[in-house]
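Have a look at the structure below before the remarks.
The values are calculated or read from the model by the stated rules, or taken from the named source; none is laboratory data. As the structure is a prediction and not an experimental result, all values here were calculated from the model. Here the Cβ is made from the backbone with ideal geometry for all residues, glycine too, and neighbour counts use every protein chain on show.
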Amino acid sequence: MLSPGIGRGAWLVWCALIVAALLAGIVGGRFAWTDRGAPLQNEAALARLHTAQQALEQSRLQLRASEARSQELERQIDALNQRLRECLEELTFFRNARDHAKR
């Protein structure tokens with residue numbers, strides 16, 4: 001035997017150190033990437049928020065327009081119902097007049 005071999009315990013220590021170094025690099029890279037990506041994420045979130053606010057305002061305007069149309073239609077229906085009642089009263093009057101004339 002020319003040189004003493006690396007013992008089993010030393011081999012495990014080296015493997016553990018390599019795995020720990022790799023994990024530290026991955027975690028550090030993840031934090032560094034997240035820090036660089038944070039402004040982009042904030043800008044994207046602000047853009048989504050602005051879009052959502054515009055959509056909300058558009059929906060509110062559509063709701064107001066729908067409510068106004070609904071009120072106008074209800075007013076027209078009331079006017080038509082009133083006219084229908086008047087026509088029915090007139091028809092009843094003419095029928096009664098016809099019936100009395102036949103007698």
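Some observations on this one:
- Condition met for R85 (surrounded by 10 or more Cβ atoms within 10 Å (Cβ to Cβ) and modelled with pLDDT of 90 or more): yes
- Restricting attention to the range 2-25 and to residues that are exposed (fewer than 10 other Cβ atoms within 10 Å of the Cβ) and in a helix (DSSP H, G or I), the residue that is modelled with the lowest pLDDT turns out to be R8.
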